[in-house]
1. Out of the residues in the stretch 32-54 meeting the condition of being over 16 Å from residue 100 (Cα atoms) and touching a helix residue (DSSP H, G or I) at 6+ places or on another chain (Cβ under 7 Å), tell me which one is modelled with the lowest pLDDT.
2. Could you say which residue among 86, 101 is part of a helix (DSSP H, G or I), within 18 Å of residue 48 (Cα to Cα) and touching a strand residue (DSSP E or B) at 6+ places or on another chain (Cβ under 9 Å)?
3. Determine if the stretch 71-78 includes at least one residue that is in contact with a helix residue (DSSP H, G or I) (Cβ under 7 Å, 6 or more places away or on another chain) and in a helix (DSSP H, G or I).
4. From the list 94, 104, 98, which residue is in contact (Cβ under 8 Å) with a residue 24 or more places away in the chain, buried (at least 16 other Cβ atoms within 10 Å of the Cβ) and under 18 Å from residue 69 (Cβ atoms)?
5. The conditions are (1) under 21 Å from residue 42 (Cβ atoms); (2) modelled with pLDDT under 95, and residue 96 fails exactly one of them. Which is it?
6. Restricting attention to the stretch 128-143, which residues are out of contact with any helix residue (DSSP H, G or I) (no Cβ under 8 Å at 6 or more places or on another chain) and touching a residue at least 40 places away in the same chain (Cβ under 8 Å)?
7. Consider residue 49 carefully, then state whether it is crowded, with 16+ Cβ neighbours inside 10 Å and closer than 17 Å to residue 143 by Cα.
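The values are calculated or read from the model by the stated rules, or taken from the named source; none is laboratory data. For clarity, every value in this text was computed on a predicted model and none was experimentally measured. Heads up, the Cβs are rebuilt from the backbone with ideal geometry, glycines too, and the neighbour counts pull from every protein chain shown.
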């Protein structure tokens, strides 16, 4: 897929404005109100959130339901800045095509069962998710997420599910 440089830059600027605030207030450079769609690839649970920088309690509940640890069927207070990151990626891509969730919250027991995961994974704190989009290559998704400079971004093109890791901790890339 190709995307316009203008849409990408406008989306990145709008999201940086939103990410720079400590609240979920509407970004000053809002271009349009994107819909953030998210579907868990393992359970089929999904949500669609019209995100203008603020969230309803229904949006929060739906997001946390989709991002639950599906193996243990446990929900957690996910960091809502993840929605800002998803919104920024959508703005950068110029499309509100939905995201596929490979992994969201993980209990410690789930994390310990998985090969190759960090012992102190941010997934266990509700600060990370592994995503993909069918309209973007893994490389394109990685490039858009990095441009936001909103947290950590990992690139996993060789993984079984080919995904990009995004988190709300410090900015870093791998």
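1. 34
2. Just one listed residue meets the conditions, 86.
3. no
4. 104
5. Status for residue 96: all satisfied but (1).
6. Scanning the stretch 128-143 gives a single hit, 137.
7. The answer is no for residue 49.
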